[in-house]
Each structure stands twice: as C-alpha cells, then as structure tokens.
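Scroll down for the structure; my scribbles are underneath it.
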C-alpha cells in the first residue's frame, strides 16, 4: 500500500467526529495539502478498492477493511512515539512528527521488534499510572489550576484548540467564568476564551499529575488516536492514562 493511500486512510480516521460520520472530501484535501479534484479521484479509487465508502455530497467513511488498515498504521505511529520519547529523549510533539514519517516505512517484523523492546525495556513495569480525579473545565471554578487530560470534540474545534495550545499535558488556570458559562483560561502568559460548548469537552487533572515525557506522550496518543476496537486492539500496549 502506498504512502499516499495510507495518509488518506489515517486522515479519514483522525478527522471523523464519530465512527460512521462522513468526512468531507474538501476537508481531506485541505488537511493533506492536495486539490479537491485530486482528493475526489483518490477517494473514488479507494471506494473501488473497498477501503473507503464514498457518499456523494457528504464525504467518505472507512470500510471495515479500511478501518483495520488505518488502525494498523496508527499502531505503528504509537510505537514510534513511545520509542522516540522513552529511549531518545525526544519531546512528544517532535516525536509525533517523526513518527508520522516512520509509520509508512515500518515492516511487520519491525513492529514486532518495537513491541518486544518497549515491553521489556527498563521501566516498562511503571507504564501504568495511578488513577487521578478529573473534572470538566466547565465545572471548574475561577482560580482552578490543572493539566489538560483530554480534549474530546469535533475535529475543527480540536484543531482550533490545538492552535491555541490547549492540548493534553498543558497546564491551564481558570481566570474567569461568565454567567453564560464561557471560560477564560490562562496558559502561561496567554489568555484564551472558550465557549461553553468547548469547556464541556475539556477535562482537567490535578497539577500533581505525573507529567513525565512518557505520560505526556501517551496522553497525546490517547487523545488523538483512540482506537475504536478498545480492548480488542493490541496496538496500545499497556499504557493507560486514567
């Protein structure tokens, strides 16, 4: 399977708001940096190959076969992120970019080797983190400080939040809450105003939560690459963020 096809499958998986919610072809084209004409042509080809289901005027969804392929690719990305962060000391954000490139050239033999290495590497036994109390940002009071544990919202809003720096692992402080429920948060020396609908989609953990590079890396993975197969999928190893 070519890298181009893999990127279409992965991007479809990442952009959908629900498993069977069609992703507009125009949005795919924009995220992949191609023309809408090219994206349409590729989506039709992938529909013929049984990887995507094309719905005129709505967009595309992954077929069962396409879903399997997309999750295998994302599984390789997760493994590389963990390897780069834990063993080479690369920051999660940079590791994410590098893993996106490496996922396309990773053979099944290398996948097996990476899994085995990570499972038996020093410190592997400490990969599970104790459960910590979490709270929706919308339910916090002014003065609350916490670490963004997860962001569960539609792709376009998630992209906006990422651009503002509201991503898992970020320390934020609730500065003010309006009568309508809008929340003003501080991120270092920056202030970001969030609509009530956004605030309900952001979950905070206490500032004392373990913020090691490994923990932040997996928080990033679990927030954006959640596997719909849950326990049936072995792609996430034993990393858990409660």
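Structure above, values below:
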{"item": "Length-normalised contact order of region 3-62 in % [C-alpha pairs under 8 Å, at least 6 apart]", "result": "37"}
{"item": "Residues 42, 156 arranged by fewest to most Cβ contacts within 10 Å", "result": "156, 42"}
{"item": "Potential extension, residue 197-residue 107 segment - 0.36 nm per residue separation minus Cα distance", "result": "28.2 nm"}
{"item": "Gain in span if fully extended, residue 45 to residue 26, counting 0.36 nm per residue against the direct Cα distance", "result": "5.2 nm"}
{"item": "Least to most buried among 111, 166 (fewest other Cβ within 10 Å first)", "result": "111, 166"}
{"item": "Fewest-first sequence of 83, 160 by Cβ atoms within 10 Å of each Cβ", "result": "160, 83"}
{"item": "Computed over region 1-129: relative contact order in percent, which uses C-alpha pairs under 8 Å that are six or more apart", "result": "21"}
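The numbers here are math on the coordinates, done by the rules we state, and not lab data. Since the model is a prediction, treat every value here as computed from it, not as a measurement. Glycine also receives a Cβ, built like all others from the backbone with ideal geometry; neighbour counts cover every protein chain displayed.
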